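Notes follow once the structure below has been shown.
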Amino acid sequence: MKLISGNANRPLAQAIADYLKTPLTEASIHRFADMEVFAEILENVRGEDTFVIQPTSYPANDNLMELLITIDALRRGSARRITAVIPYFGYARQDRKTGGRTPISAKLVANLITAAGVDRVLTMELHAGQIQGFFDIPVDNLVISPVFMPEIQKRFESEKLVMVSPDVGGAVRARAMAKRIEADIAIIDKRREKAGVSEVMHVIGDVQDKVCIMVDDIVDSGGTLCNAAVALKANGAKSVHSYVVHGVLSGGAVARISSSEIEEMVIADTIEATEAVRTSSTFKQMTVAPLIGEAIKRISEEKSISALFK
Ligand code: R5P
C-alpha cells in the first residue's frame, strides 16, 4: 500500500499514515512560477495499491488540480489501483441545476476525477448521498457517527438531549444519530431567500429546557447554524451545541460563531483548521484519521466497509 498526500491537509494525511503504521510516500507536489501544479512521485509505485489523500477544500480549485495531477502521475507510474481519498468533497452543494443555464458542478468534478484515472473514491459525509451516483466507479461514503456519537453520549449523559437538524435536508442524518442514543429530534424549517443568506422560520419539535445538539455536514458562513441557535433559544432550549463534519468556515464565520448562541462547535478534521479555529475557545476538533485509516485498510484487504458502522 502507498499513501500519497497532497498539500490540502497534511496533518490529517500524516495521522492516517500513523494509524496505518505506513509512512507517507515521498512526493513533490508544488507550483511552477506561473502557479501551474506539478506532481512527482519520488518512489516506485508500479503494481502498488495507492491512496491519494486530498480534500478539495479552500482553495478548492488548486486542491482539485493537485488531486487530478497526482492521480495522473500515479497512473502513468503504473500503479495497480488508485483510490482518491477525499475527506471533504468540494463543489458538492452544486449538485443540481438551480436555474436555467446553471451547471451541475458536482457532476463535472466527478467526471474530472474519473477521467484522471481513479479506480475508486473514499469520501466522508457527502452533502447529498446521491453524489455517489455521479461516479460510475465504486464510492465509499463514510458517516461521522462513530466519531461524534460516543463523545456526545458520554458528555451529555445526564441531560435531556434533542438532536437538531438545522434544515430539512439534514433530517436523515439527525434522525440516524438520535436513534443511536434514543434522543428526541427537532428540525428547523429554514427558508433561504437568496444564496448565502439563511433565514430561520420555525422549530419543528420540542426543545423546551433541553440541551440541543445541532448536527450538519458543512458549516460555511455559519449563518445557518447561528440563526438556528437563535430560534432554538427563542423556543426555550437550555443550551445549544453543534457538531459539524466539514468546517469550511469562510469569511468571518469563526468570529460570527464565537459570538453566537452556540456554546461550543465541534468539527472534524476533514479540512485543516485555520489558526483562528485552533485558538478559539468555541471550537473543538475531533479527528477522523482512525476511521479513514481503517477504511483504507479494509479497501486494501478487500474487506467490508459497512461493517465499520454496525
Ligand atoms: C446546506 O444544505 C448545508 O447542509 C449547510 O447547512 C450549509 O452549507 C451551511 O452553510 P452556511 O454555514 O453558510 O449557512
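The values are calculated or read from the model by the stated rules, or taken from the named source; none is laboratory data. Treat the numbers as computed from the prediction; the structure is a model and nothing was measured. Ideal geometry is used to build each Cβ from the backbone, glycine not excepted, and the neighbour counts take in all protein chains shown. Just so you know, the surface numbers come from the protein's heavy atoms only, side chains and all, with ligands and any DNA or RNA stripped out. Shrake-Rupley method; radii C 1.70, N 1.55, O 1.52, S 1.80 Å.
General remarks:
- Structural size metrics of segment 211-310, computed from C-alpha coordinates, are Rg and Dmax of 15.9, 51 Å.
- By average C-beta atoms within 10 angstrom, highest first, the peptides 52-60, 138-146, 85-93: 85-93, 52-60, 138-146
- Three principal axis extents of segment 145-287 based on alpha-carbon atoms, in descending order, are 35, 35, 24 Å.
- For segment 185-310, the tally of Lys pairs with Cα-Cα distances below 18 Å comes to 4, considering only residues 8 or more apart or on different chains.
- Amide H contacts under 5 Å for VAL164: ALA186, ILE213, MET214, VAL215, restricted to partners 5 or more places along the chain or on a different chain, H placed in the peptide plane at 1.01 Å from N.
- Percentage of interatomic Cα-Cα distances in segment 254-310 larger than 18 Å: 49
- Accessible area per residue, Å², the chain with all protein chains present, probe 1.4 Å: 46
- Rounded FRET efficiency, nearest 0.05, which uses the C-beta distance separating ALA176 from ASP18 and R0 of 25 Å: 0.25
- Sorting SER165, SER158, SER300 on solvent-accessible area from highest to lowest, probe radius 1.4 Å, gives SER158, SER300, SER165.
- Taking Cβ atoms as reference points and 11 Å as the exclusive limit, the residues near HIS30 contribute a net charge of -2, counting Lys and Arg as +1 and Asp and Glu as -1.
- Heavy atoms of ASP216: accessible area, 1.4 Å probe, square angstrom to 10: 10
- Taking 0.36 nm per residue of separation and subtracting the Cα-Cα distance, full extension of the segment from LEU108 to ARG76 would add 9.2 nm.
- Here ASP18 sits with roughly 100 square angstrom of accessible surface, probe radius 1.4 Å.
- Computed over segment 23-106, the ratio Rg/Rh where both radii use C-alpha atoms and Rh is Kirkwood: 1.06
- With all protein chains modelled, accessible area of GLU294 [1.4 Å, Å²]: 30
- Lys/Arg +1, Asp/Glu -1 at C-beta; the chain dipole; positive extreme among GLY236, LEU74, GLN285: GLY236
- Relative contact order of segment 145-287, defined on C-alpha pairs under 8 angstrom at six or more residues apart (%): 19
- Portion, in percent, of the accessible area of the chain that falls on carbon or sulfur, probe 1.4 Å: 50
- Efficiency of FRET between SER250 and GLU302 - r from beta-carbon atoms, R0 45 angstrom, step 0.05: 0.70
- Mean residue ellipticity at 222 nm, helices only, the chain: -9500 deg cm²/dmol; runs of at least 4 DSSP H residues each add -39,500 (n - 2.57), and the sum is divided by the number of residues.
- Spacing of the two label points (7 Å from each Cα toward its C-beta) at ASP209 and ASN61, in nm: 5.5
- Relative contact order of the chain, pairs being alpha-carbon contacts under 8 Å that are 6 or more residues apart, as %: 14
- Taking a span of 18 Å or more along the helix axis (Cα atoms) and a mean Kyte-Doolittle hydropathy of at least -0.5 as the rule, the DSSP H helices of the chain that qualify are 60-76.
- Computed from the Cα positions only, the extents of the chain along the three principal axes stand at 61, 43, 37 Å, in decreasing order.
- Length gained when the stretch HIS30-GLU157 is fully extended (0.36 nm per residue, less Cα-Cα span): 41.0 nm
- Evaluating 6.51 cos²θ - 1.76 cosθ + 1.60 at θ = phi - 60° for every residue in segment 78-86, the Karplus couplings come out as 6, 4, 6, 9, 10, 10, 8, 9, 10 Hz, glycine and proline recorded as x.
- Computed Rg/Rh of segment 178-241, alpha carbon atoms with Kirkwood Rh: 0.97
- Cα-projected label distance for PHE309 with ALA195, points at 7 Å along beta-carbon direction, nm: 3.0
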